[in-house]
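What follows is a short report on a single structure.
The values are calculated or read from the model by the stated rules, or taken from the named source; none is laboratory data. Only a predicted model underlies this, so the values are computations on that prediction, with no experimental measurement involved. Using ideal geometry, Cβ is built from the backbone for each residue, glycine included, and neighbour counts are taken over all protein chains shown.
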Amino acid sequence: MPDFAVNSDETASTSAALLNDFAELQDKLTQVRSKVEALLAQGYRTPAAQQKFQPFFDEFSKGFEQVNEGLQGIGQYVKAVGDAFQQADEQLGSNLG
């Protein structure tokens, strides 16, 4: 029979940290995107910038967002696991009296 051990405090703090990291990384990507867009609009307008750099940066941004969304999903999953085990434990305990 499998052995389960879930520390709800650990899952809560880890999920909160991961979701905070997600938010910080989203903010950072927004800042980076603004800087690059400003550069492309004001200080780096060449055929190569338009043909190569802009699509390269767009692809980078898309990939970064996908990785960061994965981090968000992990944080949400860890929270759900901790919540579910805590809820099950409380229900089982309340059945005893």
Criterion violated by Gln51 - all others in (1) polar (S, T, N, Q); (2) surrounded by 11 or more Cβ atoms within 10 Å (Cβ to Cβ); (3) out of contact with any helix residue (DSSP H, G or I) (no Cβ under 6 Å at 6 or more places or on another chain) satisfied: (2)
Single condition Ser94 does not satisfy, out of (1) modelled with pLDDT under 95; (2) hydroxyl-bearing (Ser, Thr, Tyr); (3) in contact with a helix residue (DSSP H, G or I) (Cβ under 8 Å, 6 or more places away or on another chain): (3)
In region 6-22, residue nearest to the chain's Cα centre (by Cα) [restricted to those that are closer than 13 Å to Gln72 by Cβ and surrounded by 12 or more Cβ atoms within 10 Å (Cβ to Cβ)]: Phe22
First in region 34-59 and without any contact (Cβ under 8 Å) to a residue 40 or more places away in the chain and hydrophobic (A, V, I, L, M, F, W, C), second anywhere and surrounded by 10 or more Cβ atoms within 10 Å (Cβ to Cβ) and not in a helix (DSSP H, G or I), Cβ under 8 Å, 6 or more apart: Phe53/Tyr44
Qualifying residue in region 54-77 (condition: at pLDDT below 95 and not in a helix (DSSP H, G or I)): no
